[in-house]
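Enquirer: Here's a structure for you.
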Amino acid sequence: MIAESITIPMQYNNRVVSQIKVDGFKDAPYLKEIIIGEALEAVPAYTFYNTPLEIIDLDSVKEIGEFAFYNTKLASVTLKKLEYIEDRAFVNIDTLKTLTLGNVVEFNFSRVFFGCTGLENVILENNSAFAYENNLLMNAAKTVVFRYTGKAAEVTVPEGVIKIDGDAFRNNMNLKSLELPKSLRFIGDGAFY
């Protein structure tokens, strides 16, 4: 029998389960749900690489390695305690629609969520690292636009923004008019691809 759902316990053989092995579930063809114990603090590199994973609760996770969720089928991701995340942790997840960020460390959004072009909603909960206004996800200082998640034909990037990061408006087929601020100095690779 092939498991579609796996529960990772808080303890195994009287030891706390706080981490999964690197590439522990890589290429598991039927894995759709992972239920993890509250003690799990780290998801290392390639853990769920190229799996059809749809559901996982990451509330207790503090560290995520590169390509940990590459090409999965997650529809939403909630990160509440994140202290460290490597570039490319969530790559090519076109099913990802909602991202909730609690009080997490600042990270380079475009590098961590590269290719997640279906993102429609960002929820910030007690978050001091990012700002989200008018469907623009920005750094807290509102000087860098990481991603536009809306569907409007006309968008105004606010004054004070000095950089539009790569991928910020990627695959946005609705965009017809973009008003840029005088403060803008840099536009990242592929920002409007």
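The values are calculated or read from the model by the stated rules, or taken from the named source; none is laboratory data. All of these numbers come straight from a predicted model, not from anything done at the bench. All Cβ positions, glycine included, derive from the backbone under ideal geometry; neighbour counts span all protein chains shown. Side chains included, ligands, DNA and RNA excluded: accessible areas come from the protein's heavy atoms. Shrake-Rupley method; radii C 1.70, N 1.55, O 1.52, S 1.80 Å.
Enquirer: Could you tell me which of the residues Glu83, Glu106, Glu120 is surrounded by fewer than 17 Cβ atoms within 10 Å (Cβ to Cβ), acidic (Asp, Glu) and either in contact with a His (Cβ under 6 Å, 6 or more places away or on another chain) or modelled with pLDDT under 90 (or both)?
Expert: Glu106
Enquirer: I've got another one for you. Could you run through segment 26-53 and say how many residues are part of a loop (DSSP other than H, G, I, E, B) and within 19 Å of the chain's Cα centre (by Cα)?
Expert: 14
Enquirer: Looking at segment 5-19, can you tell me whether even one residue there is closer than 25 Å to Ala129 by Cα, open to solvent by less than 50 Å² (accessible area, probe 1.4 Å) and in a strand (DSSP E or B)?
Expert: No: segment 5-19 contains no residue that is closer than 25 Å to Ala129 by Cα, open to solvent by less than 50 Å² (accessible area, probe 1.4 Å) and in a strand (DSSP E or B).
Enquirer: If we scan segment 35-55, do we find a residue that is over 17 Å from Val91 (Cα atoms), out of contact with any Cys (no Cβ under 8 Å at 6 or more places or on another chain) and among the polar types (S, T, N, Q)?
Expert: For segment 35-55, residues over 17 Å from Val91 (Cα atoms), out of contact with any Cys (no Cβ under 8 Å at 6 or more places or on another chain) and among the polar types (S, T, N, Q): absent.
Enquirer: Continuing with this model, one more query. Give me a count of the residues in segment 138-168 that are open to solvent by 10 Å² or more (accessible area, probe 1.4 Å), under 19 Å from the mean Cα position of the chain (by Cα) and under 11 Å from Phe186 (Cα atoms).
Expert: Counting residues in segment 138-168 that are open to solvent by 10 Å² or more (accessible area, probe 1.4 Å), under 19 Å from the mean Cα position of the chain (by Cα) and under 11 Å from Phe186 (Cα atoms) gives 3.
Enquirer: Can you pull out every residue in segment 58-77 that is open to solvent by 20 Å² or more (accessible area, probe 1.4 Å) and at pLDDT 90 or above?
Expert: Matches in segment 58-77: Lys62, Glu63, Glu66, Phe67, Tyr70, Asn71, Lys73, Ala75, Ser76.
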